[in-house]
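Asks: Quick one: the structure is below, and I'll ask about it shortly.
The values are calculated or read from the model by the stated rules, or taken from the named source; none is laboratory data. Given the structure is predicted, the values throughout are model-derived calculations rather than measurements. Cβ sites come from the backbone with ideal geometry, for glycine too, and all protein chains shown count toward neighbours.
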Amino acid sequence: MTITESAESYEAEGSGTGTDGRARVPLDTCEAFAELLPQTRRALLRRLAVGQAEGRAPSMVGAVVRGGRAVWTGARSSVEGEVPHADVQYRIGSITKTFIAVMVLRLRDEGLLQLADPVGRHLEDTPVPHATVAQLLSHSSGLAAETRGPWWERTSGELRPEPADLFDARPQRLPAGRRHHYSNPGYALLGALVERLRGGTPWYEALRREVLAPLGMGRTTLHPQMPHAGGWAVHPWADAMLPEPAQDTGLMGPAGQLWSTLEDLCRWAGFLLRGDERVLSATSLAEMRTPAVPPEAGGWDAGFGLGLQLARRAGRTLVGHTGSMPGFLAALWTDTEEDVAGIVLANCTSGPDVPAVAADLAGIVAEHEPRIPEPWRPLPGPLDPELLALTGPWYWGAKPHVLRLRAERGLELAPLSRSGRASRFRAEEDGTWTGLDGYYAGETLRVVRDRDGAVSHLDLGTFVFTRGPYEPSDPVPGGVDPEGWRV
């Protein structure tokens, strides 16, 4: 019995040379962990080992990404002398959905669709023509969770050759837009949407050209390529194993078809943390991380953005996705505050809590070696004196705020007290600013000048900010008592 199917043999430590001629780094040797402290490396390896042993996984591989690249990788295996390296493919299941979501956001940024568009505007004969693209991305379209017919993950896609074959007579279980209801067929529709707006190019080919190739993810494929792990089921009451089938799911591919490697997913985690203008901007990625639907009752520790799962764990916000297919489990979590990600892959249908292990890997690094801030640096010049003159104290009524200048002519408004509304603003070509977060997200900030051209006040969604607290001469809505302040 073997854990992996490969054209090469593995050393006990997982070292050697791969089929592409590249040297393979052992997954549990110090060379792979050179940037982390020894106690951190041991804690990471122990967490992975506990996850594999207690979960009875045939094999489990894990990685931590920080600063945009892998700083630790590790592996455990149930077969002596066969420890998979970071270029062994595993099936990643629903992590595939994160790739589809990025493709849809690319279409939006190119102006080919709007997230508020009803999907029926772009796809004919869809069962939910009035559901929006954003609702499909965030699993709030109300579509059924699974396809009709036999279990799609374990049967051939040839059983569902047409889009209509994915749905039964009642495709929509809940009203669109009211609540979160995970839908695998919804992502089949999004894959079809990508193909439609890419002129009939299959979704994976568009993904490979536009996303995978620029990011150097040549080992993320639609079908397994050697070396790859074999998928197994582990008996619940005995230490015995049964091989699982690896079906081509056809039209359901956008919901969970992809195979990938630890190396490639480290690149993907780095992209999800920092963005890459060749693929998708950091602003659009931040939009994907924003909660799009309210959590279920009692589920305030979890949510969903646009194609990304959100979770709260030990006071930290994690963003990413989990995945499962027969024979495989996967999880990828990012923590943008700490600029760290944890990734875990296992080749078993059930058993180990892979999402928890991946979250713990990221948490161990964040706890043992907290992020060191980037050095302070001045803004790139030249400095606009008019913008500089806008900075400093401003008052909404009697509440003091401070306006700071940021990169690319951006602004940040924050209260000087512990409570209040803070937002960052993006500069627009017309001389205004648009709120990026907080209460003022999407609102317009304007600088209002008097007849002489001097700055009179700031207008933020009709809120007036002045240089003094309720000065009689200021244009405060409703006016100011002419007697002024008194004791």
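Asks: Look at R409 and say whether it is more than 23 Å from P380 (Cβ to Cβ) and either charged (D, E, K, R) or loosely packed, with under 15 Cβ neighbours inside 10 Å (or both). First the steps, then the outcome.
Replies: Working: more than 23 Å from P380 (Cβ to Cβ): no; either charged (D, E, K, R) or loosely packed, with under 15 Cβ neighbours inside 10 Å (or both): yes.
No: the conditions fail for R409.
Asks: Among the residues in segment 377-393, are any part of a strand (DSSP E or B), on the phi < 0 side of the Ramachandran plot and of a type outside the set (D, E, K, R)? Quick ask: steps written out before the conclusion?
Replies: Within segment 377-393, the subset part of a strand (DSSP E or B) is 392-393.
If we keep only those that are on the phi < 0 side of the Ramachandran plot as well, we get 393.
Narrowing further to those that are of a type outside the set (D, E, K, R): 393.
Scanning segment 377-393, I find at least one residue that is part of a strand (DSSP E or B), on the phi < 0 side of the Ramachandran plot and of a type outside the set (D, E, K, R), so the answer is yes.
Asks: Now a separate question. Which members of segment 438-474 meet the condition of being over 19 Å from G392 (Cα atoms), assigned to a loop (DSSP other than H, G, I, E, B) and not charged (D, E, K, R)?
Replies: A441, G442, G453, G461, T462, P472, S473
Asks: Out of segment 440-458, which residues are within 24 Å of S284 (Cβ to Cβ), surrounded by 14 or more Cβ atoms within 10 Å (Cβ to Cβ) and not hydrophobic (A, V, I, L, M, F, W, C)?
Replies: Taking segment 440-458 and keeping what is within 24 Å of S284 (Cβ to Cβ), we get 440-445.
Subset that is surrounded by 14 or more Cβ atoms within 10 Å (Cβ to Cβ): 440, 443-445.
Scanning segment 440-458 gives Y440, E443, T444.
Asks: Continuing with the same structure: Out of segment 175-194, which residues are surrounded by fewer than 19 Cβ atoms within 10 Å (Cβ to Cβ) and among the hydroxyl-bearing types (S, T, Y)?
Replies: Once the filter is applied, which keeps residues that are surrounded by fewer than 19 Cβ atoms within 10 Å (Cβ to Cβ) and among the hydroxyl-bearing types (S, T, Y), segment 175-194 yields only Y182.
This table checks each residue for (1) within 28 Å of T336 (Cα to Cα); (2) of a type in the set (D, E).
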position: E374; (1), (2): yes, yes
position: P385; (1), (2): no, no
position: R418; (1), (2): yes, no
position: R449; (1), (2): no, no
position: G453; (1), (2): no, no
position: V464; (1), (2): no, no
position: R467; (1), (2): no, no
position: E471; (1), (2): no, yes
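Asks: Would you tally the residues in segment 263-275 being among the charged types (D, E, K, R) and either modelled with pLDDT under 95 or in contact with a His (Cβ under 8 Å, 6 or more places away or on another chain) (or both)? Spell out the reasoning first.
Replies: Let us first name the residues in segment 263-275 that are among the charged types (D, E, K, R), namely 263-264, 267, 274.
Now restrict to residues that are either modelled with pLDDT under 95 or in contact with a His (Cβ under 8 Å, 6 or more places away or on another chain) (or both): 274.
Number satisfying all stated conditions: 1.
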